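Each value in this text was obtained by applying a stated rule to the coordinates, not by laboratory testing. Nothing here was measured: the structure is a model prediction, and the numbers come from that model. Virtual Cβ from ideal backbone geometry, glycine too; neighbours counted across all protein chains shown.
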Amino acid sequence: MSSRKKIAAVVITTVALSVGTVGVASASQPKSTAKSTSVRQTTTRTTVSAIANPMAGGGVGTMGDQGAELATVLSTLVANKTITQVQADAITAALTAARTAHEATKDADHAAMDANRVAREALIATTIGKTTAAIQAELATGKSLGAIAGDKRAALITALVADETKQIDAAVTAGKLTAAQATTLKSNLTAHVTAQVDAIRPAMGAGMEMGGGKGGHGPKH
């Protein structure tokens, strides 16, 4: 059995043992302690469920106080001999690895988006023949990219469509899109890019993004 399957089995066993133990206690204890037992049962179910899904919002296994809560819960389960210390350590290690992988993926996605934005802005600037700063300054006044491009508007649309097409093809090669999905995206790509180029943006200051935000129909949309 793999480590992950063992950890999953531990969590499942923890739920079963906790619920079973509490159920027996509830049947035998007087009413004065029944309420306390019910609270323990609810807490155990909620906590173990959160441990099983560390990426869930507000769940155990995230940052800050929730990390301390996880340690407390596992220590309690070990003290109650519901799980062993080795199993508790395995659960902690698995959750830490999952969180680290999640953060790494998120950082990589952000880096890719930033790189795509910079490349797109460079393409627009080169095609129009103005600096990125100059284009952003004009966008901030409420002009569209098409108006800024002037007689180079058609060339800008062609360049952006070609860039989007290249990204779609790359996504197909990487297995992120199917050929059918790529065909659908390409079918209205020119119309979509044209709408972006001609869109009038509210005046927002010189730092606003060029090219309609996310960059059209790329694989991350």
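Which of the residues that make up the stretch 137-180 are more than 23 Å from Met113 (Cβ to Cβ) and loosely packed, with under 13 Cβ neighbours inside 10 Å?
Within the stretch 137-180, Thr141, Gly142, Gly150, Asp151, Ala154, Ala179, Ala180 qualify.
For the stretch 126-162, how many residues are touching a Leu at 6+ places or on another chain (Cβ under 9 Å), among the small types (Gly, Ala, Ser) and under 20 Å from Ile200 (Cβ atoms)?
Of the residues in the stretch 126-162, 2 are touching a Leu at 6+ places or on another chain (Cβ under 9 Å), among the small types (Gly, Ala, Ser) and under 20 Å from Ile200 (Cβ atoms).
Please state which one of Ala122, Ala71, Ala111 is under 30 Å from Gln196 (Cβ atoms), surrounded by 11 or more Cβ atoms within 10 Å (Cβ to Cβ) and without any contact (Cβ under 8 Å) to a residue 24 or more places away in the chain.
Working: Ala71 fails: under 30 Å from Gln196 (Cβ atoms); Ala111 fails: surrounded by 11 or more Cβ atoms within 10 Å (Cβ to Cβ).
Within the list Ala122, Ala71, Ala111, the selection yields Ala122.
Can Thr127 be described as among the polar types (S, T, N, Q) and part of a helix (DSSP H, G or I)?
yes
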